[in-house]
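Every read-out reported here was derived from the displayed coordinates using simple, explicitly stated rules and does not represent laboratory data. Just so it is clear, the structure is predicted and the values come from calculations on it, not from any experiment. Cβ placement follows ideal geometry from the backbone for every residue including glycine, while neighbour counts extend to all protein chains displayed.
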Amino acid sequence: MAKEMQASLCHENGRYAIVAARFNEIVVERLVVGAREALERHGVPGSDITLVRCPGAFEIPAVTRQLVNSGRYQGVIALACVIRGATPHFDYVCAACASGLGSIAAETGFPIGMGVLTTQDMQQALERAGGKAGNKGADAALAVLELVNLRRALDGLD
């Protein structure tokens, strides 16, 4: 029979960082609240959560890399909102953010939650930040908790 592994969402110990963009703050703040509440609901004390603000989604990978390299955190949750406009700027910012975070995660194996919304309009953004589509900040936080525990379980393999 094949062996199956999965991790729980229970917090054991460690600190977490939330990197939140200031751009589109009305949406991002809702993502931050969702992420914090999800972490706390699963046993992470508020004192073990650090919120780091940065200008926008484009800057998130650089800040995330610094947090990863600090060795102070078990996981990082990246939160931002990029709304499509009339120029190709949207495509460049989204690609740079996703690629940067993906590269950090792949290079380091570090748990990073991608809670960066890329939407067509403000209504879609608000729906994903606590509206009828849930809260993607909370989803990213839960993904990080699970990855932290899965990483611990995998480290224990012989």
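Numbers for the structure displayed
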{"read-out": "Ascending count of other beta-carbon atoms within 10 Å, so fewest first, for 47, 8", "value": "47, 8"}
{"read-out": "Helix 60-70 axis, angle to the chain major axis (alpha carbon atoms, nearest 10°)", "value": "30"}
{"read-out": "Nearest 10 degrees, 0 to 90: helix 136-155 Cα axis against the chain principal axis", "value": "30"}
{"read-out": "Using alpha-carbon coordinates, inclination of helix 25-41 to the longest axis of the chain, degrees", "value": "20"}
{"read-out": "Isotropically averaged projected area of the chain, using the convex hull of Cα atoms (one quarter of hull area), nm²", "value": "10.4"}
{"read-out": "Distance between segment 52-68 and segment 81-153 - C-alpha centres, whole angstrom", "value": "13"}
{"read-out": "Value of relative contact order over the chain, rounded to a whole percent, pairs C-alpha under 8 Å and six or more apart", "value": "32"}
{"read-out": "Burial order of peptide ranges 116-129, 31-44, 87-100 (average beta-carbon count within 10 Å, highest first)", "value": "31-44, 116-129, 87-100"}
